[in-house]
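Please read the structure below before turning to the comments.
The values are calculated or read from the model by the stated rules, or taken from the named source; none is laboratory data. Note that the structure is predicted; figures quoted are calculated from it, not measured. Positions of Cβ are generated from backbone atoms using ideal geometry, with glycine treated the same way; all protein chains shown enter the neighbour counts. Quick note on the areas: whole protein, heavy atoms, side chains included, nothing else; ligands and nucleic acids left out. Shrake-Rupley method; radii C 1.70, N 1.55, O 1.52, S 1.80 Å.
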Amino acid sequence: MRDQKTGRPVLLDCDPGIDDALAIFMALASDELKVEAITTVAGNVPVEHTARNALQLVELAGFDVEVAAGASDPLYSKKKTAESVHGKNGIGDIILNPPKGALSCRTARELIYQKALEQAGDLEIIATGPLTNLASALMIYPDLRNLISHIWLMGGSAYSGNRTPAAEFNIYADPHAASIVFESGIPLTMCGLDVTNKALIFKEDIERLAGYDSDVAKKSAEMLTWYLGFYNSFGFKGLAMHDPFTVAAAIDPTLIETKHLFVDVETVGEFTRGQTVVDLLNVSGKKPNVQVALELDNTRFLSLFEKLMRFYG
Ligand code: RIB
Ligand code: CA
């Protein structure tokens, strides 16, 4: 078992998911962070898969981190999944060793709250899936909003969607949950498609990763190869590292340039449900609530990604 890190206390809330898997490996490997717990949510695939995947990924990485299963469905809407993007099991149908350990006996929202209490206001959340767990925890524990120091979110966009023309998947999957989180008053940095669609890696980067001397790197290369196939099928040469980039921004915020803007979430629009409505010109006059990432340094991101993946050998 690897030694625990001693960096900033973070909790990962995720829906592994191929890019979530790489994000988990990066967060565990970083000396800047200490992963206090991982909570999982239905998103790319049902929560039975996302929870099991998270457990297997943490064990493959050699860390002892509590993993909890969370919401199986959005707060008030029908579940959306993305097996076509991530495979039936959520990690490109790659087979990992069955988990040795068990999932936490705590629910995701219990674990979020109790870790926030433990860290007495220093806990940061890195959210890379639908926001159902965080929203329901905020609804059940009214003091939670004062106990989370920062949310780093992969989700939304100022200009375009990927699940619909207007909406990015994580927000689209549970727009009501996203609305609750965006209105919570917790400091929030949104790494939306505006930056993550530019955080691209290519076949040669994956081949380099496959040459690293660790099971983590080799399994990651297999998952990314699957994921690249999805992007190639749409004519894209590279794949977007949505969740890994968000972890990288949490590790090193100089990788992004942000603007403090008012952002609302559309929860009912026939064509725009799940859109993050970003007030780029402050026409609403409403108080900004989100640091929206609009520019990135992809070269330094890729170097950080490779450095963290080399941690595993
Ligand atoms: O839109 C991309 C996001 O949706 C990523 O977090 C991916 O894992 C899926 O959850
Ligand atoms: Ca995700």
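Any residue at all in the range 206-227 that's among the hydrophobic types (A, V, I, L, M, F, W, C) and under 26 Å from His260 (Cβ atoms)? Step through it out loud before you land on a result.
Here is the first cut: in the range 206-227, the ones among the hydrophobic types (A, V, I, L, M, F, W, C) are 206, 209-210, 216-217, 221, 223-224, 226.
Next, from what is left, pick out any that are under 26 Å from His260 (Cβ atoms): none.
For the range 206-227, residues among the hydrophobic types (A, V, I, L, M, F, W, C) and under 26 Å from His260 (Cβ atoms): absent.
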Among residues of the range 1-33, those that are among the basic types (Lys, Arg) and either within 14 Å of ligand 1 (Cβ to nearest atom) or out of contact with any strand residue (DSSP E or B) (no Cβ under 8 Å at 6 or more places or on another chain) (or both), counted | 1
Is one or more of the residues making up the range 243-253 assigned to a strand (DSSP E or B) and open to solvent by 10 Å² or more (accessible area, probe 1.4 Å)?
-> no
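Return yes when Gly87 is within 16 Å of ligand 2 (Cβ to nearest atom), under 25 Å from Ala210 (Cα atoms) and surrounded by fewer than 24 Cβ atoms within 10 Å (Cβ to Cβ) and no when it is not.
Numbers: within 16 Å of ligand 2 (Cβ to nearest atom): yes; under 25 Å from Ala210 (Cα atoms): yes; surrounded by fewer than 24 Cβ atoms within 10 Å (Cβ to Cβ): yes.
Taking the combined requirement at face value, the residue satisfies it.
Of all residues in the range 146-201 being part of a loop (DSSP other than H, G, I, E, B), within 15 Å of ligand 1 (Cβ to nearest atom) and among the hydrophobic types (A, V, I, L, M, F, W, C), which is farthest from Gln275 (Cα to Cα)? Explain how you work it out, then say what you get.
Filtering the range 146-201 down to residues part of a loop (DSSP other than H, G, I, E, B) leaves 147, 155-168, 174, 183-187, 192, 197-199.
Still in the running and within 15 Å of ligand 1 (Cβ to nearest atom): 155-168, 174, 192, 197-199.
This time we only want the ones that are among the hydrophobic types (A, V, I, L, M, F, W, C), so: 158, 166-167, 199.
On the way: Ala158: 9, Ala166: 5, Ala167: 4, Ala199: 21 Å.
My answer is Ala199.
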Counted residues in the range 1-28 being in a loop (DSSP other than H, G, I, E, B) and touching a residue at least 40 places away in the same chain (Cβ under 8 Å) come to 6
What number goes with the only condition from (1) part of a loop (DSSP other than H, G, I, E, B); (2) closer than 27 Å to Phe301 by Cα; (3) small (Gly, Ala, Ser) that Ala42 does not pass?
-> (2)
Enumerate the pairs (first residue in the range 233-250 and in contact (Cβ under 8 Å) with a residue 12 or more places away in the chain and β-branched (Val, Ile, Thr); second residue anywhere and within 10 Å of ligand 1 (Cβ to nearest atom) and assigned to a loop (DSSP other than H, G, I, E, B)) with beta-carbon separation below 6 Å, excluding pairs fewer than 6 apart on the same chain, so at least 6 apart or on different chains.
-> Thr246/Thr128
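Restricting to the range 110-145, name every residue that is in contact with a Pro (Cβ under 6 Å, 6 or more places away or on another chain), farther than 22 Å from Ala173 by Cβ and of a type outside the set (A, V, I, L, M). Spell out how you get there, then give the answer.
So the first thing to find is which residues in the range 110-145 are in contact with a Pro (Cβ under 6 Å, 6 or more places away or on another chain), and the list is 119, 122-123, 132.
This time we only want the ones that are farther than 22 Å from Ala173 by Cβ, so: 119, 122-123.
The answer is Gln119, Asp122.
Residues are listed down the side, and each one gets a yes or a no for (1) under 18 Å from the mean Cα position of the chain (by Cα); (2) of a type in the set (Asp, Glu); (3) under 22 Å from Glu66 (Cα atoms):
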site: Ile112; (1), (2), (3): yes, no, yes
site: Leu117; (1), (2), (3): no, no, yes
site: Glu124; (1), (2), (3): yes, yes, yes
site: Leu134; (1), (2), (3): yes, no, yes
site: Met139; (1), (2), (3): no, no, no
site: His150; (1), (2), (3): yes, no, yes
site: Ser157; (1), (2), (3): yes, no, no
site: Thr164; (1), (2), (3): no, no, no
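Quick grid of which residues meet (1) at pLDDT 95 or above; (2) of a type in the set (Asp, Glu); (3) within 18 Å of Pro244 (Cβ to Cβ):
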| position | (1), (2), (3) |
| --- | --- |
| Asp31 | yes, yes, yes |
| Asn44 | yes, no, yes |
| Asn53 | yes, no, yes |
| Asp73 | yes, yes, no |
| Gly90 | yes, no, yes |
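Criterion first (at pLDDT 95 or above, farther than 25 Å from Ala249 by Cβ and part of a loop (DSSP other than H, G, I, E, B)) does Ala120 satisfy it? Spell out the reasoning first.
Working: at pLDDT 95 or above: yes; farther than 25 Å from Ala249 by Cβ: no; part of a loop (DSSP other than H, G, I, E, B): yes.
So Ala120 fails the test.
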Report whether or not Tyr227 is open to solvent by 10 Å² or more (accessible area, probe 1.4 Å) and not β-branched (Val, Ile, Thr).
-> no
Go through the range 263-313 and count every residue that is touching a helix residue (DSSP H, G or I) at 6+ places or on another chain (Cβ under 7 Å) and free of Cβ contacts under 8 Å to residues at least 12 places away in the same chain.
-> 0
